Amino acid sequence: MSIQNNKRLLKLIYTYMFVLLLTVLSACGKEINEERNDNSSGDAEVIEDTLGNEIISGAPVIDGLTCIEKLPLDYAVYFDIYRYEGGYSLICVGDGRSYLVIPENADIPENTDDYFIIRKPLNNIYLASSASMALFDSMNALDTIGMTSLEADAWYVDNVRQAMEDEEILFAGKYSEPDYELLLDEECLLAIENTMILHTPEIQEKLEELGITVFIDCSSYEDHPLARTEWIKVYAELTDRQDEALSFFEEQKKYVTELSDYESTGKTVAYFYVSESGSVIVRKSEDYIPKMIEIAGGDYIFDDLGSDEASASSSTNVTMEEFYNTAKDVDYLIYNSTIDNPLHSVDELIEKNALFTDFKAVQNDNVWCTEKNMFQATDVIGSIINDFHTVFTDENAEKLDFMYRIH
C-alpha cells in the first residue's frame, strides 16, 4: 500500500474515532445532567462503610486515599471534583478522562493507571484553550501560565497581552502545531486544550509521549452560560486559587441572577455566521448563547434545533434556504464574528447571500455583529447578557462592549 493510501486510511480512522467520541460525549453529558438534576443541591451523600467510617457515596476508590468531599456545583455538568485526605484531588471530566492531582512532594498512589497525573505546583502550563484564559486572569493565576497557542495581538484579555509583551507568557505554537522543543525547554508538564484537539489526535498523542499531560476542557459542551464560568473551579483546583475562584464565581452568579429578572421582550433573534461554503452556522437550541439571549429577554428563533443530534458540538449547519424560511422575519440578526471575520456593513452581509436583502432585520436596521473578544470573555457572562438586553430594548443603542450595530 502506498504512503498516500496509508495517510488516507489513517485519516478515515481518525475521523471515525472522532465521530464516535462525540457520540459518547453527548450521551455522557446527558447522563451527568440527569444525575445532577436528581441531586440539585450538588451535595454528595455521606454514608458509612462496614467499619462505621464516613465516606462519600459514589466517590472513585483510590488505593490509600480517603475521599472527604465532592465539590458542590451549581450549573456545570461536564466535570466533578473529589477531594481526598492529604491534599489530593480527582477531576472527572465528561469525556471520560479523569485527572489525579498530586500535591507537591506527595507520592503517587498505587494502581492509578486509569488516571492522568497532574503534579503540583504548576507554573509552566501550555494553555491552548483560549476561552479558559480569562478564568485564570480572574483568579489571579496568570503566573501559572508559561505558554499559549495565540500570539499577543490575538488576545483580548489585557493582562495576557501585556504578559506576552513582557515575555512572561510565551507563544508556543498553535494547538495543531505546538513547538515541542520549546515546551520541553520550559519543562512544561501540563497542556490545557479545548475539544479542537480531538481533530488532531496525533498531536495529543505526541504531547503525552513527551510526558506532558493533556487536559481537555469540555466547557464548550455546557448548555448554561454560568456553567462555562463555573469551570473556574477546575482551574482553581489545579492552581490552589479556590478562595479567589469561589468569590469571583459567586459574584457572577449573583449578577446573572439579577439579570434573570428581565421580562421577555418578545423580540425574535437569530445568531449565526455564514461559512465559506455558503451554509449558515447557527447555535443549537440548548447551547449557552441561546440561553443568554433568553435571559436577556430575547426569543431565539431556532427553538428545537440539534436536540436529536449525537454530536456534542454547540453549533450546527443549515442551508441558506432553511435559514431564510426560519429567520426571514426575525427582529434581530446577530452575526457571530468570534468564528468568522467581523462585518462592517450590511452590504458585506448581503455579499455573502443576496437573500439577506429580504430579511426584516436588514430592512429595519437591526443587524448586529459580535466583537472578536466575546468568545474569550468567559469570565464576564453577565456583561454579555446585559449587552444583549440593551440591543433588545434600546432603539438608540450603538456600539457596546461585546457587539455593535452595522448599517
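The values are calculated or read from the model by the stated rules, or taken from the named source; none is laboratory data. None of the values given here were measured: they were computed from a predicted structure. All Cβ positions, even for glycine, are placed from backbone atoms using ideal geometry, and neighbour counts span all protein chains on display.
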Those residues of segment 276-289 which are under 22 Å from the mean Cα position of the chain (by Cα) and at pLDDT below 95 amount to 283, 284, 285, 286, 287, 288, 289
Lone qualifier among 77, 101 - being closer than 16 Å to residue 213 by Cβ and at pLDDT 95 or above
101
Please specify each residue of segment 307-335 satisfying the condition of being of a type outside the set (Val, Ile, Thr), modelled with pLDDT of 95 or more and part of a loop (DSSP other than H, G, I, E, B).
328, 329, 331
Within segment 321-335, how many residues are in contact with a helix residue (DSSP H, G or I) (Cβ under 8 Å, 6 or more places away or on another chain) and surrounded by 15 or more Cβ atoms within 10 Å (Cβ to Cβ)?
8
I need the full set of residues from segment 148-199 which are in a strand (DSSP E or B) and in contact (Cβ under 8 Å) with a residue 60 or more places away in the chain, in order please.
190, 191, 192, 193, 194
Do you know which residues across segment 352-407 are hydrophobic (A, V, I, L, M, F, W, C) and either on the phi > 0 side of the Ramachandran plot or assigned to a helix (DSSP H, G or I) (or both)?
354, 355, 356, 361, 362, 374, 381, 384, 385, 388, 391, 392
Residue count, segment 382-407 (criterion: under 26 Å from the mean Cα position of the chain (by Cα) and more than 16 Å from residue 336 (Cα to Cα))
6
(1) over 18 Å from the mean Cα position of the chain (by Cα); (2) modelled with pLDDT of 95 or more; (3) surrounded by fewer than 21 Cβ atoms within 10 Å (Cβ to Cβ): which one isn't true of residue 146, the others all being true?
(3)
Pairs returned, first residue in segment 358-375 that is closer than 30 Å to residue 130 by Cβ, second residue that is among the basic types (Lys, Arg), beta-carbon separation under 6 angstrom, 6 or more apart or interchain, are 368/405
Determine if segment 273-285 includes at least one residue that is at positive phi and either free of Cβ contacts under 8 Å to residues at least 24 places away in the same chain or outside any loop (DSSP other than H, G, I, E, B) (or both).
no
Take residue 270 and tell me if it is aliphatic (A, V, I, L, M) and over 22 Å from residue 404 (Cα atoms).
no
Test: residue in segment 130-141 that is in a loop (DSSP other than H, G, I, E, B), out of contact with any Ser or Thr (no Cβ under 6 Å at 6 or more places or on another chain) and in the same structural domain as residue 242 (by TED's automatic domain parsing)
yes
The one condition residue 82 fails out of (1) surrounded by fewer than 18 Cβ atoms within 10 Å (Cβ to Cβ); (2) within 22 Å of the chain's Cα centre (by Cα) is (1)
Filtering segment 226-253 down to residues that are closer than 26 Å to residue 404 by Cα and surrounded by fewer than 19 Cβ atoms within 10 Å (Cβ to Cβ) yields 253
